[in-house]
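For reference, the structure is listed below as structure tokens.
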Amino acid sequence: MESLRARLLGPAPATLTSQRRAAALGILLLTLVGGALRFWRLGYPDRLVFDETYYVKQGWSLIRFGHEREIKSGLEEPDALWTAGDPDVFGDQPDLIVHPPVGKWMIGLGELVTGPESSTGWRLSAATVGTLSIALLGVAAWLLWRNALLAISGATLLAVDGHHFASSRIGLLDIFLMWWVLLAFVLLLLDREQGRRRLAARWGPWWERTHGPGVSVPRSPWARARRWWGPSLGIRWWRLAAGVCLGLAIGTKWSGLYFLAVFGLMTVAWDLGARRAAGARDWRAGTVVRDGIPAFLLMVPTALLTYVASWAGWFATAGGWKRQWAAENPAPSGSLVGLVPDPLRSLWAYHQEQWNFHIDLANDHAWKSNPWSWTVQWRPTLFYAEWPKQGEKGCEAAECVEYIASLGNVVLWWGGTVGLLVVAFLWLLGRDWRAGAALSGIVAGWLPWLLYQTRTVYSFYAVAFVPWLVLVVVCCLGLVLGRADASPARRRWGAVAVIGYLTLAAACFAWYWPVHTAITIPREAWNLRMWFDFWT
């Protein structure tokens, strides 16, 4: 049993105590530092920027009314009124909103803490989940590699990524999508460990019960087949929790559906490997019956129910968009559609309208970008820009710039672009499950967008898969660090190289700090940072 446990779970926990303590301390310190940077001057700019004009107001509308409402008829400058501290901009008509409500509820909670008049409150929830995601990714890296330096590397790279940093300081939805899918990923890593621990503990008793002395071969074909599947692993509660998180991700943006599909396949693939390693004779059928079908039934309906529940404000009020559609369009008498409750029929009609909007979205925009270019940072999104003259906003040069762009840390993003090839090789040919886990978020968060070549999309959507790009780089850093059984000298030089890479990434972040935080700098200093024309 000890040998089986070692094959399934790796080194015993007792041998990792010092590593775990070092990882926990490093991750905690990085989270505190990353959080301090994200909360510093969070309320500036003190006006709505970019798409905050939609989501900040919609978040407060949800808090006040339970659904989104249109701006008052005839109100020409609602943003100016809002920025001046008057949030009374809503009329009594519902608004057609094309994204589900979870992310906007989270923005609204931040506004509820400080009041909607505070620009800090508009971004409070984003900064909170942006900070906590640093710790969460450090935990994910620890669960993957059980190495303190690699876990700290994961937290460091996320803390100093400019794309993640800028998204943590603006009231948009994508940072919340990233949070829920990252939390689901960590829960599935915990499920993997728990499932393998159960398999190791139950294998011996199951073998004695089904193959022990005096046990005859069953006559039933079904019972005979079950003898080669391995034991049942019971209810997987971590999977259930992951299903809730993925439902909330979908309730933030529909692109969370891709993560549900990819993560569902990934977690069952882990079970497939576990039963094979344990020695189950028919490990394929065993995985399908014992793990795959239960995983689907545990995660997919849970995510669906969570998603529907996220519309509770719309259900509980009468004035939301298309809330009364079913009453106005009754189902044909005697039809199966008539068995569906009216609120659900209305919600379905609302979703059809949302879907039509998304598939037809194709307009010209100065900051749209092709998904193929996201990982090389070809066209980062400009969130805010001002061009003060000498004497304005502390400008001491002839011309100055205040700038906020979703420009990723090029040390991370360019390194990750190359690392994708390395990690794909490790997964496809080396069967490294860690490499597959690192690729999972890339597959779910990036590859589907490549199918939408005519739709208007923006590079800030990529924040949803930034954590997995970090894990791709950490996977490569693990190769640089060397195997656990390598010589001490090899490991020391590997650690020096890893720390050197992290230092370079931190230096790059410090260099670009002004163009992520709207600090007034001379235009010449801004030009030094904007290396390419397509960055501006």
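The values are calculated or read from the model by the stated rules, or taken from the named source; none is laboratory data. Please read all numbers here as calculations on a predicted model, not as lab measurements. All Cβ positions, even for glycine, are placed from backbone atoms using ideal geometry, and neighbour counts span all protein chains on display. Surface accessibility is based on the protein's heavy atoms, side chains included, excluding ligands, DNA and RNA. Shrake-Rupley method; radii C 1.70, N 1.55, O 1.52, S 1.80 Å.
Between the amide H of Arg69 and those of Asp95, distances stay under 5 Å, these residues lying 5 or more places away or on another chain, with hydrogens modeled in the peptide plane. Normalising by residue count, region 82-123 has a Cα convex hull of 83 Å³ per residue. Cysteine residues of the chain whose Cβ has no partner cysteine Cβ closer than 4.7 Å: Cys245, Cys475, Cys476, Cys508. Shape class for region 354-454, computed from the alpha carbon gyration tensor (a ≥ b ≥ c): oblate, with a/c not under 1.5 and a/b at or below b/c. Diffusion coefficient of region 424-536 by Stokes-Einstein, Kirkwood radius over Cα pairs, 10 °C, 1.306 mPa s: 92 µm²/s. In the context of the full protein assembly, Ser440 retains an accessible surface of approximately 10 Å², using a probe radius of 1.4 Å and ignoring ligands and nucleic acids. Here Glu117 sits with roughly 90 square angstrom of accessible surface, probe radius 1.4 Å. Annotation for region 1-103: GluC sites (Glu not before Pro) lying in DSSP loop with at most 15 further Cβ atoms inside 10 Å of their Cβ are Glu76.
In the context of the full set of protein chains, residues of the chain present 44 Å² of accessible surface per residue (probe radius 1.4 Å, heavy atoms only).
Extending 7 Å from Cα along the Cβ direction at Val217 and again at Glu76 yields two label points whose distance is 8.9 nm.
Return the subset of Lys72/Lys322; Lys104/Lys393; Lys57/Lys253; Lys253/Lys322 for which the Cα-Cα distance in this structure is over 26 Å, preserving the input order. Violating the 26 Å limit, Cα to Cα: Lys104/Lys393.
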